[in-house]
Amino acid sequence: MTQAEPDFRVLEYVTITKDPRTGLVVAIGGTEQAADILQRTGGFLLAAGPCGDYHRLPHGLPIEQQRLKATTASHALLAAGHSVHLDPTLNMLTPPDGDHEAALRYLTHLAERASAAKTSTTVAEVLTEIAAPVHGLLPLTREVILRPWIAASDLHSTASGEEPEPIARLGSTATSLSEAPRVIRHARNHAAHPTQPPTTTPAPDRAQPSASRRR
């Protein structure tokens with residue numbers, strides 16, 4: 001006897017996530033009871049979408065408020081027996097140093113890969129991780145330095161519009177980091193196509209002594 005699969009109602013599952021295009025925190029799916037919990041405990045608003053109604057948090061909420069409301073609503077839904085997926089970036093119960101620890105593990109692993117490299121391909125792969133144009137470590141580091149420089153420059157510029165010397169040097173550091181990825185990518189390309197070792201000409205065999213000499 002073939003046992004029939006259970007009839008799951010997918011719309012009863014609630015997904016709380018952040019829309020990458022608009023930056024809004026949205027909740028999709030769920031029953032009327034779930035909608036009541038979202039509105040009462042999380043402050044979500046009912047909105048009409050092209051594929052049906054959904055819930056979202058109000059515009060302009062600070063990130064910490066978004067995380068607090070999303071986490072509160074998700075735990076209230078779970079306590080009421082609903083199935084919920086909460087975007088990890090919205091979960092306030094995630095350890096605060098989780099991203100930092102993950103970054104340290106990634107850098108340590110990258111250094112270990114470079115130390116253990118046995119082929120030029122592996123070396124090139126590590127250099128690509130460091131200097132890739134968009135998501136490489138150096139371009140991202142430059143962006144991290146560039147943004148505080150812009151903020152500090154706006155806050156500390158003098159009446160004449162000149163930057164204090166330490167802040168100006170910070171800007172120069174961000175600029176210098178623009179050249180480093182190009183240098184590393186050039187080295188990466190060279191490492192990916194190593195030159196062949198020079199071939200050596202074998203030494204000629206010595207002539208065998210004649211029979212008369214062996215006598």
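Miscellaneous remarks
- Checked against the criterion of being in contact with a Lys or Arg (Cβ under 9 Å, 6 or more places away or on another chain) and free of Cβ contacts under 8 Å to residues at least 60 places away in the same chain, the candidates SER178, SER115, SER172 yield just one match: SER178.
- Put simply, of ALA174, ALA102 the only residue that is more than 30 Å from TYR13 (Cα to Cα), among the small types (Gly, Ala, Ser) and open to solvent by less than 70 Å² (accessible area, probe 1.4 Å) is ALA174.
- Cross-chain or 6+ apart pairs with Cβ under 7 Å, region 70-81 first and surrounded by fewer than 17 Cβ atoms within 10 Å (Cβ to Cβ), then assigned to a helix (DSSP H, G or I): THR72/THR41; ALA80/GLN33; ALA80/ILE37
- Which numbered condition HIS59 misses (of (1) surrounded by 11 or more Cβ atoms within 10 Å (Cβ to Cβ); (2) within 30 Å of the chain's Cα centre (by Cα)): (1)
- Of everything in region 23-53 that is modelled with pLDDT of 85 or more and in a loop (DSSP other than H, G, I, E, B), the residue that is farthest from the chain's Cα centre (by Cα) is THR31.
- Only residues that are assigned to a loop (DSSP other than H, G, I, E, B) and within 15 Å of LEU177 (Cα to Cα) were counted across region 90-140, and they come to 5.
- Restricting ASP87, ASP97 to those that are modelled with pLDDT under 90 and out of contact with any Phe, Trp or Tyr (no Cβ under 7 Å at 6 or more places or on another chain) reduces the list to ASP97.
The values are calculated or read from the model by the stated rules, or taken from the named source; none is laboratory data. Note that the structure is predicted; figures quoted are calculated from it, not measured. For neighbour counting, all protein chains shown are included, and Cβ atoms are generated from backbone atoms with ideal geometry for every residue, glycine included. Please note that ligands, DNA and RNA were not included when accessible areas were found on the heavy atoms of the full protein model with its side chains. Shrake-Rupley method; radii C 1.70, N 1.55, O 1.52, S 1.80 Å.
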